[in-house]
Structure formats: C-alpha cells, structure tokens
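Inspection log for the structure reproduced underneath, given as structure tokens.
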2 protein chains.
Amino acid sequence: PQDWTELDKRAVDTIRVLAAEAVQKVGNGHPGTAMSLAPAAYTLFQRTMRHDPTDPNWIGRDRFVLSCGHSSLTLYLQLFLAGYGLELDDIKALRTWGSLTPGHPEHGHTAGVEITTGPLGQGLASAVGMAMAARRERGLFDPEAAPGTSPFDHFVYVIASDGDIEEGVTSEASSIAGHQRLGNLVLIYDDNKISIEDDTAIALSEDTAKRYESYGWHVQHVEGGENVEALEAALAAAKAETERPSIIVLRTVIGYPAPTKMNTGKAHGAALGDAEIVEIKKVLGFDPEQSFQVAEEVLAHARKAVERGNAAHVEWQRSFDLWANANPERKALLDRLNGHELPAGWAEKLPTWSPDPKGVATRKASGEVLSALAEVLPELWGGSADLAESNNTTMKGADSFGPTEISTAEWTANPYGRTLHFGIREHAMGSILNGIALHGPTRPYGGTFLVFSDYMRPAVRLAALMKLPATYVWTHDSIGLGEDGPTHQPIEHLAALRAIPGLAVVRPGDANETAAAWKALLSRHDQPVGLALTRQNLPVQEGTDEQGVARGGYVLAEASSGEPQVVIIATGSELQLAVAARKVLEAEGVATRVVSMPCVEWFDEQDEAYRNQVIPPSVRARVTVEAGIAQPWYRFAGDAGRIVSIEHFGASADYQTLFREFGFTTEAVVEAARSSIAALEGNA
Amino acid sequence: PQDWTELDKRAVDTIRVLAAEAVQKVGNGHPGTAMSLAPAAYTLFQRTMRHDPTDPNWIGRDRFVLSCGHSSLTLYLQLFLAGYGLELDDIKALRTWGSLTPGHPEHGHTAGVEITTGPLGQGLASAVGMAMAARRERGLFDPEAAPGTSPFDHFVYVIASDGDIEEGVTSEASSIAGHQRLGNLVLIYDDNKISIEDDTAIALSEDTAKRYESYGWHVQHVEGGENVEALEAALAAAKAETERPSIIVLRTVIGYPAPTKMNTGKAHGAALGDAEIVEIKKVLGFDPEQSFQVAEEVLAHARKAVERGNAAHVEWQRSFDLWANANPERKALLDRLNGHELPAGWAEKLPTWSPDPKGVATRKASGEVLSALAEVLPELWGGSADLAESNNTTMKGADSFGPTEISTAEWTANPYGRTLHFGIREHAMGSILNGIALHGPTRPYGGTFLVFSDYMRPAVRLAALMKLPATYVWTHDSIGLGEDGPTHQPIEHLAALRAIPGLAVVRPGDANETAAAWKALLSRHDQPVGLALTRQNLPVQEGTDEQGVARGGYVLAEASSGEPQVVIIATGSELQLAVAARKVLEAEGVATRVVSMPCVEWFDEQDEAYRNQVIPPSVRARVTVEAGIAQPWYRFAGDAGRIVSIEHFGASADYQTLFREFGFTTEAVVEAARSSIAALEGNA
C-alpha cells in the first residue's frame, strides 16, 4: 500500500527474525507460520483492527482469534509491537515456566489474548460464537441503531490454518456462520499447504473455497503472504460485506524467507537451527552476529498503535456516552452484567414444587426454570443441538436467533432473537458457547443428551481451562433414557466429565434441586457447569435444601436416632432409591442418613468441617448410588463402603425394566448397606 | 421401473404400515423416516445390493450402513423381508428388553446389522473406513485383478440423514473419501428437510450438494422418495463411477403418507397415534381394523432375496475358488486372518531393550515395534492425524494409502498402500478405524496426542460397544509433553478413557513394556486398546515382564525382605519414580514392593488370587503414582493409601520443571509412602 513505509517493512521483517530466534532459544516451537503470517498479522493489528493496547477489555474493540494457537508468536509479537505490555524479555522467555508467553496463547494469562487456542478448530468455531454474541448484545443494548453506527458494532477477525480448516468442528461452525449471515466475521485462512506431515496434498484435496461458498460465505483469494495491498483490499471488501461472513484464502509460503526450510514441514514445528537463522538475517538485512534485534525506530513506529488506539477509544467513548445518556435502562443493564451482578429479587422468580411421589422430570423442571427467568435475566440465552423439546431448553415466548428468513412454521427468528438452534452440531455448540461467554457478559447455555457430551468434550475442556460460565443442559442422563438403548445411554459420562479439572457436574435429585442448581450456577461467573437431568419423572422429595445444593452435598434425611450407622450418598434419579432404602433400614432399626450429592466439585470446595459433618469420617458403613460407573465414588465409599453402580453398557428397553435388571432398586441399596455394616462388624 | 410389480409396491407399503405400527405398539420410536425411506431401502436390499441373507458374514457381500440409526426399522424391516432371520414377532418386539430389534441397530446382536449406529455421523464416517478397507484388502489378496473382476470387489452403501450430514465427523470423513477417490462408496442422503426441531431451515441453509462437490464427490439428485426409477438410475451411475465416491441427494417427504403428520417434526421421533395409522392404512389400501398385516404373497416375493442371494453367492464362490487356487499363499493369509491367528514366531520379531538409565521414549519404542512387525503382520496398518513423526506411527518403508496422485516429496502413495494419512481429523480417524475393523480382518491403528483422544471419543466409545480391535497410538501422554502447555497436556484423559466400558488403556512403563503391550493387544481380537505413550525418554527398567504386562499389572520389584510394608503402584513414566522411591525406602529399612500397572482393565480380568498376590489386601500402606488425576486410583490406594496425582491443568515449560513443580518426584513418592505407613501406625 502507498502508506506502507520502510518502517512497516522492517517491523514485519523484525517479526520474522524474532519468531525464528525465540523458537531457537527455547529449542522447540513453531517458527514457520509466525514468519509467513507476519505481514497479515501486522496489517490486522496496525492497520485494520480497532483496538486499544492500553485497554484490552474495551468492549468496543474488534476481537482477534488466532485459531492456529501453535503459532502463538504470531500473536505475541503483535502484542509486543503494539504495546500490550509484552516486552522483548517476554518473547525471549517463550515456552518457559512462568512466562507470559506460553506455548499456546492462554486467555487470562497474557493481556490481549482473547481466547485460549491450540486444539485445532476451536478458535475459529468460538469466533463464530463471538460474532453471534456481538449481534445478540447489540440487540440487548442498542437494537435500533443503523448498521455500523452503534458502539456495539465491531468485527471479529480470525486467522486459521490448514489444521483448523480440516477439523470437523469448523465445518459445523462455518455452516452455522453462513446460516446466521454473520457479516461481522472475517476469516483469514492461511493456505500454506504445509502441515506436520509436510505437503498437505497427502491428506487434503478438497476445494476449500468452494466448500465455504456452499456454506454461504463471501469468498476471496489473495496470492502471497507479502501481498499486503491485496490483503488490505480484501479485508475492506470483507468488512463491506455485512450480510455474509467472509473468508480470505491467503496463499502463503510457510517459513518465508528461510532459505532451505521454507515451504516444508521442517518450518512448521521445530527450531530452524542457527545456520538457517543466520541466512534469514542476511536475506532480511539484519546483522547475523546479533540476536533479538529490535530497532528503536521500528518499535516506536509500531507502538503508535497505542496512540491510534487511544484516539479510536476516545471517539468510540463519545458515541458510547451518547448511547448511555439516551438509554439509561440499557446502560444499567450493561453495568449490572459487567459487574457480574444479578438483579434484586431474581431468585424469587424460581419455581418451586411441593413434595409429590409422582413428581416431574428434572429436564422439565429445568425448562420451567428457564421460562421463569426469561424476563428477569435477559442475559440468559441458549438452545439445543436439535433437541429443544427433549432438552427443554426453550424459554416460553422467546424468538429464535437468526435472520428472519430462517423462520419456519415452528419458530420465529429475528437477528436479535434468544433461542439458539445449533442443528445436529454438538461440537460447534460447545465452541460457540465458549465464544459467547468470552465475548461479553451474557450467559449462554446449550443442550443435548448427556451421552453426546462426548461430541463436545474438547470445547468443554477449554471452557474449564478458561473458567468460562457456559452452562450445558445435558438431559437423558442415564439408562433412564430407556428405549433408545446403549448408544444413547450414558454410563461413563458423569465420571468422565467430573474428571475435567474445573468443570462442575450437577446432577439434581428432583425438581427443587434443579431450580437450586440453576440458582447456584447463575450466582457463579467463573466456571462451566454441566447439568445432568433426567428424561423420566422423579418424585419431588421432602427436605431438599437450596443451600445444600449450592454446597454440592448435604444431609437430606438424618438418621432417626441422630447418630447414623450408615450413610447413603446418592445423586439424581437414584436419590429416591436412597430415600426409600433409608425407610426400609430404619424400619429394621438401622439408623440411616441420606446425603444428596448433586455436585461433587462444589462439595469439595467446602471446608473440611462441613464435609466431615455431612459424611462423618467415623461412620465407615457407607453406600453410594448413582446410575453410572463407580470410578468417582470409591473415595466417598472408602474401604468398608459399597458402591451401587453400572460397569457395562446399557440396553434398549423401558427404563423401569433397565433399572430393575441392572440392579438399581431399593432392595439393592438396602442390601449394600447391610453388606457394608457387616463388613465392618467382621473387621471389628 | 418396468419390472417393479404390484407385489413390490405392496411390499413397500407394508413396510410403511409396519413401521408406523411397531412404533405405536411400544409407544415410542422413529416411524417417519422408516416410512419415507421404504422404497429406497427396499430397492437396495431387493434390487441393488449383492448379499446373501443366509450368510450375513459372506466376505463378498456389499455392505449396508444405516447412518441414521434412529430409523432402525428401515433396516429391521428389510432384514425381515429379505429373510435374515427376523420375523414379525421381532418387529412387534421393537425397543423392548431382550428383543432382536433394539432402538438402534446393534452389530453382533442382530444378524445383518453391519455396524452399531445411532450417534449421528458415525455410520457414514465408518463407511468411509469400510470402503478404504475394501481397497486395502483387495491389495493384500488380489491386487492384480482388473477393476470389478475380483471376488474382493464390492460396494459400500450408506443411508444418511440431515443429522449425519450436519455432524462435523462426516465433513472430515467425506473430505477424506473424496481425497481417497473411493469409487466403491455410495451414499444416499435422505434430504427430508425435517429434524427434531422440525423444518431444518431453522438450522441448515448450506448447499450440501455443492459441499460434496467441493470434496470431489460425484453428486446426483433424485426428487421424491417414491421415484424408484430415478433412484435406480442414480445407483447405477454411482456404481459406474469408480473414481469418486457418490452421493445421491434423495428428496423425500418424512412420514409419507401419514395425512396430517408427514413432512413435520411430529413424524420424526414419536408414535403417530392410532387415528393417524388408521388413515395411513386407508390411503395404502390396508384393512384399518387389522394390525401387522403382511400378505403371504408379499413376504414370499420379498424372500426371493434368499434365492437371488444364494445364486450370487454361488457365482461369487466360483470366482473366489479360482482366486484361491491361483493364490495359495494369499488364501493362507486370508484364512489365518479370518481365524484370528497370528503367524508362528511372529513375536520373535519384537524388539527388546537392555536396561538403560538414559532409555528411550515409549512412543519411539512403539514405532520400532511397528516397523519390526511390518513384514510378518501384513494385516497391521495405520497412521496418524497429521502427527506421524510425533506419534511414530509409520512403518519403515511402507507406502502411503491413496491414489498415486496424492504423493508428495515426503510420501509415496499407492491405492493399496499401508500408511494412513488422516489429516487433522481425529474424529474421522476414530470412525474410520471402526469401519476398517468392521469390514474385514485387518488390524488398524491410528495416532494422535493423548489430549486429542477427546476429539475422537464418540468413535472410541462405539469401538468399545462393538468390541472392535482398533488400536489408538496416543502419545505425549502427560505433562511430560512439556512446552506446548495446558491445551496439549492430558490430565484427566487416562481416567476419562478408563471410564469407557470395554476399552483397555495401556500405559507402558518403558520400552520393553511397550513391546509387550503391542504383543498382548495383537493377541486379542475383541477389544479396542489405547496406548498411552511418552514424548520423553524413560529409563529401560530391570525386571519388566511380558506376561505381567499381558495381565495388566505385576510385581516389578519385590521388597528385599519378601514381605512388603508398603506397595507402590505406578504406570508409564512414573514407574521410574516408584523404582527410585523403593531404593530410598529400602535404604531406610522400609520393605517396599513396586507394582507396575500398565493396564487396569487387563488386571481386573485376572482372578482374585492373582490380584491379591500382586496387591496383598493385608498390605494397606500403599502409594499410587501416575501423572493424571487421582480418580481411578482410590480403589487401589484404599483408605490408608496415598495418591500422587495432579488435579489441575498443566503449564508450558520443559517437562523436567513441570514434573518437579507439580510434585512428581522420587521424594514425593517416598514421602507418600512414609505418610501411608504412618497413617496405619496411627490407626493401629
């Protein structure tokens, strides 16, 4: 471009050399794409994006997602140059203990990193969520503004690699993005035709551009990573296209200009070697004897991004203030959400249920909670991966989120709607929820069958790693699903999900515990929560306790003597078995306590005194009962305890038959209690 | 078609009525697609496919995959009509305990069911694996035959729904299918534009046909589920196209001809109701008063599939016998593989390593095993999801599997090649391995980082459910991965994978245990096995035992006194810590046994006497050590035991720093042992 100066050129070349050197210094990493993407990333951070390095959380900023997280230097070097607080020593500390420059970008660890990326596909798929969130937030705060005029208008930029493009999660999310006509989403696909197994021709021969056309995207091509002029024109055209997401297929040469390793897999994921780096420096006019050279004038030039960012911020602030003055109620809502506050009296809207042996399915209770909260919590929105009616994820009266043209006989869509329709795309749903939660202060949820949490697991793990407040409505949570059989019956899923550090798995034992679970999870803002809910009706129990649910576990029914001989610990649909078993045992004179344990993770957060009060160490006769594998329960059962579990796949039949045949009965729990007591007596 | 008789028409109409009635009888299920797909499925089973209902395992048969497993009646009714052994009572027993007609088709449970389907996308993705396996097997047994002339030539037919098409795993697999030019794969996409949330327009607006063109597929359209003539022409054209996989976009009306519910979501997943069924019977000319009517002449007509199948089988047998006579060595190989036998002396090819403190990474040992077995076990083949060099999955000298045109500077491909390149598509890899294992007697493996087992988890679960001998080479199995940081470091994965019923997770402690693990898993044929292998070098230990590995756990080092005070149980890279801790403890006079436990599942298979011999119940001072979460270890540690684990995400740094900072040190294990002993003394 005409205004592309020698300093810009030197800045880009500096990035190339630093990328090679930083990897060489630590001895491992990914230099190649950071080198070849240098002009594109520099263009975005210095010329295209609206952002303010001094305020990485400015809500008016454009978002940048580096989907190819392995090329973290692509981002770190821009953050360094633009003035986000990273300095040359941080670049030198790449991939070392305690540094601000870990192997993959980590949100919350390094200022300016919008999202933790690395597992391929996740960044791009979450960016779709960000773009959706931007529209929904605009709808909440400034729906009447003309396009492009609102302080809530901005763009989401993504750089993605061959790996991102090959992953199925991006296929799902890209189809959704086209369907949703996300004109605020701009993707640069780094088409370098090299992955770890070298030339991608060995594994990839699809026409990716045509594939994106089939999704309804706006597709452009730019030849050459150095072709900044064409890239800028393409970016301008992408921004001008407001009805479709844009993909720019940017043909780059990985590792450019490394003389022997560029355009090979050797430039992808390993240090280039000192000799090669010397040659790179020579090619680019750097002193081959010196390391980590950053000319003062280059840095000063790039750091002007701060000034420009501040100016843009000031300009934006003016428009924001006008909006705030004109929209005091919406401003109050924004402030409340940004403050992670819930409105006074909100919890009074929660439904309650009277004890009732016939009861209600917890999925249905959850649906009633959502509808009850619809008005008081506008930040809450979500939907299902094509199981809305089964997951009970639709708030009564809520419009669907999408262009009006996608409306059907059953659903009315508008661009600011609230009900999400992910289609049969669980993985993209998980990633999109992450993007929504990262983008702003709304509270997204998404539903599917618990067994299909497997499909979204990589996204759930990232939510846990980033501590994002996404909520998963996982229904049909056991063999209680019934006739659909073993492919649809979760057996191992509660254990497998509890295994993820930081994720809370909540399996309420009845309708009131379900409402309490929603109350507790909405009161938190730094944790993904998965609700495990039943298909089948559960009795509404006496004695459930909202505070107890929030603490993860509590005494639902005390031994009549006040001094339990045995403690039965249960979750979800098996709570009723514990309650029924207690009656039998008490009638036999066995003092029996029932502990409801809807959330192991929240229980583990409680102090030892509370935990010991609920499950006294001295009472070693214990039974745990949950329609899943035993793995999570050994630590609660202890050596003398008994675990009522299922260690094999399920079967297709009505749920009553399955519970009986697979040993989830009152009698089985009673017998387990007797056995545990007997074991202790034998040992005594 | 001209030869489509009144009996064919009545057979198809019979299917429609039976589908509606079977669902009505049990009260739940999916009638709509079974009704609208009746002509297409009938055409496949009665007119298109080569199959023999009296020999469902005939290796010359065409394969049929019902990817939309929820429409199980589509398959069951064909199996009933064609004479696979299902009778009308089985249809009436749909979705009930013990029936041959569970909610979703279950391979190994009902004759003629090629694959368990239901989790959407898996069937189509596995069909790609079947089509690949067909070519690889042809290459093993009959590579010189002209196209279409070999007894090993046949087709793989798939019916897939909107849900299958939306799932990312099919995007991955379909891209691979186009890349691999699988001319033997024919997909009918049931484009009925209805899913559970009703009109798919709410969630799907991509141009799916164009998307499949972009993958390099041969795309055809057929309007109308009743349009058998056009469908047959399209099927013929699909078979004639031998260089590309074919998709036939078949526009159907779900639930046809249900008067009020067809073409709505109400026909998808619920019983239609008696009144509607009466109307259907009237429309189709059935007696509305009677149920489950199957005219004798209709059944007799359809059961002629047996005669035709037998005739086709006889004809094929002639060609097979000619082949067998001409190819005695290949025939012997086929017999060996079909008999699940390994060749005499094969295990002598396995490499061994001498004790060595510097050691070798277990991923590297695994790679050496594969290369060593390449010649003696031609059935073994596999590859990686773009991590070949990291996963060490390439056998030395093996060609790549694919059209010669996909060869690159690094890889030489031929259609019968052995090295698989999945691209960055872990999920499709998992599903494809399932398809390969289902198709025939070869032994497939696939590699990625252990952390990305999450991406393939739905496929792994189905492998476990179907008891398929797929092998997963999961390397970089802990924080030992190092600098790539928390997104790439498995923490919860060993626990989460062990949670899957039937899957064996094997984490060898050194190179010799790695070879033993391969030996043990190749000796089994009814279980998927995941190998968890290190990136970093591990010392080669004294005392490892091949038999011990096959039994899952064994005494690696006995207490010097022969009577252990404490037992340390370890896996993988932490085995060395147990060994080192034992030395320290023994020097302190603490009699210490080290148990190596590479596979908990195989250990659990052993009899109680063996298990108690390895971990004596009387020795309650115990330590477990594994660089993952504690969840799987409580049951081995017991109340007095101590667990050395990691309960949070990792970090980006060199692995030595991470092990030290996160408490995986000899001293930590020693201290845990002391603590466990002290706890017992305190209790005594």
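Axis-proximal residue of chain B for the rotation onto chain A, reported as residue and distance in whole Å: B:Gly168, 1, based on Cβ position.
Which of the three applies to segment A:346-540, rounded, prolate or oblate, going by the alpha-carbon gyration tensor with a ≥ b ≥ c and a/c under 1.5 meaning rounded? Taking the square roots of the gyration eigenvalues as a ≥ b ≥ c, segment A:346-540 is rounded. Bridges between two residues of segment A:551-683, per DSSP, are antiparallel at a rate of about 20%.
Contact order, relative form, for chain A: 12 percent (alpha carbon pairs under 8 Å, 6 or more residues apart, mean separation divided by residue count).
Peptides B:266-275, B:21-30, A:11-20 ranked from most to least packed by the mean count of surrounding Cβ atoms within 10 Å: A:11-20, B:21-30, B:266-275.
Relative to the dominant Cα principal axis of chain A, helix A:6-26 is inclined by about 50°.
Residues of B:496-507, mean number of Cβ from any other protein chain within 10 Å of their own Cβ, rounded to a whole number? Please list the in-between numbers first.
Details: counts 12, 3, 6, 14, 8, 9, 3, 1, 0, 0, 0, 0.
For this peptide, the per-residue mean of nearby foreign Cβ atoms is 5.
Over 31 Å apart at the Cα level, from the set A:Lys210/A:Lys266; B:Lys239/B:Lys261; A:Lys261/B:Lys210; A:Lys266/B:Lys467; A:Lys364/B:Lys282; A:Lys239/B:Lys210, are B:Lys239/B:Lys261; A:Lys261/B:Lys210; A:Lys266/B:Lys467; A:Lys364/B:Lys282.
Treating only the Cβ of Lys, Arg, Asp and Glu as charged (+1, +1, -1, -1), what charge dipole size does chain B show about its Cα centre? Round to the nearest 20 debye.
On the way: 58 positive and 89 negative charges, 113 e Å.
The dipole of chain B has a size of about 540 debye.
Please give me, ordered by residue number, the trypsin sites (Lys or Arg not before Pro) of segment A:622-665 that lie in loop per DSSP and have at most 16 other Cβ atoms within 10 Å. Those that pass, being in a loop and sparsely packed, number zero. What separates the A:Ala300 label point from its copies, with the point 7 Å along Cα to Cβ, is 10.1 nm, written shortest first.
Looking at the protein assembly as shown, the DSSP beta bridges with both ends there are about 10 percent antiparallel.
Plugging the Kirkwood radius over Cα pairs into Stokes-Einstein for segment A:531-601, at a temperature of 10 °C and a viscosity of 1.306 mPa s, what D comes out in µm²/s? Estimated diffusion coefficient is 128 µm²/s.
Across the residues of A:477-486, average count of Cβ atoms on other protein chains within 10 Å? Can you show the working numbers first?
Details: counts 0, 0, 0, 0, 1, 3, 11, 12, 11, 11.
The per-residue average across the peptide is 5.
Among the GluC sites (Glu not before Pro) within segment A:368-460, those in coil by DSSP and having at most 12 neighbouring Cβ atoms inside 10 Å are A:Glu375. The fewest-to-most ranking of A:Met429, A:Met597 by surrounding Cβ atoms within 10 Å reads A:Met597, A:Met429.
Within a 10 angstrom radius of the beta carbon, how do A:Val222, A:Val186 rank from fewest other beta carbons to most?
A:Val222, A:Val186
Each other copy places its own label point for A:His340 at 5.5 nm from this one, sorted shortest first, where the point lies 7 Å along the Cα-to-beta carbon line.
Per-residue ellipticity at 222 nm for chain A, helices alone: DSSP H runs ≥ 4 residues times -39500 (n - 2.57), over residue total, nearest 500 deg cm²/dmol?
Values: 26 runs with 280 residues, N = 684.
Helix contribution divided over all residues of chain A: -12500 deg cm²/dmol.
Take B:Pro415, push a point 7 Å out from Cα through the beta-carbon direction, and compare it with the same point in every other copy: 5.2 nm, smallest first.
In µm²/s, what is D for segment B:6-311 at 25 °C and 0.890 mPa s, where D = kT/(6 pi eta Rh) by Stokes-Einstein and Rh is the Kirkwood radius from Cα pairs? Translational diffusion coefficient: 127 µm²/s.
Averaging the Cα positions of each part gives two centres, and for segment B:88-112 and segment A:359-388 these lie 35 Å apart. The calculated P(r) of segment A:551-683, using every Cα pair and 5 Å bins from 0, goes 2, 11, 22, 25, 20, 12, 6, 2, 0 in percent. For the protein assembly as shown, the pair-distance distribution built from all alpha carbon pairs, in bins 20 Å wide starting at 0, is 10, 38, 39, 12, 0 percent. When each of B:Tyr634, A:Tyr472 is scored by the number of other beta-carbon atoms lying within 10 Å, the sequence from fewest to most is B:Tyr634, A:Tyr472.
Qualifying GluC sites (Glu not before Pro) in segment B:68-146, where qualification requires a DSSP coil assignment and no more than 16 other C-beta atoms within 10 Å, comprise B:Glu87, B:Glu144. Kirkwood hydrodynamic radius of chain B, from the reciprocal of the average inverse Cα-Cα distance over all distinct pairs: 27.0 Å. Of all DSSP beta bridges in chain B, what percent run antiparallel (nearest 5)? Of those bridges, close to 10 percent are antiparallel.
Just tell me how shielded B:452-461 is by partners: mean number of partner chain Cβ atoms within 10 Å of each residue's Cβ, no decimals. Intermediate results must be reported in sequence, preceding the final value.
Details: counts 3, 2, 10, 10, 3, 7, 10, 1, 1, 10.
What the average comes to for B:452-461 is 6.
Once you list every other residue whose beta carbon is under 14 Å from the beta carbon of A:Lys364, what net charge do they have if Lys and Arg are +1 and Asp and Glu are -1?
Working: positive: A:Lys358, A:Arg363, A:Lys396, A:Arg535; negative: A:Asp356, A:Glu368, A:Glu389, A:Asp477, A:Asp510, A:Glu513.
In short, -2.
Each reported figure results from applying straightforward, stated rules to the coordinates on display, with no laboratory input. Since we're looking at a predicted model, the values are computed, not measured. Reconstructed Cβ throughout: ideal geometry from the backbone, glycine too, with neighbour counts over all protein chains shown.
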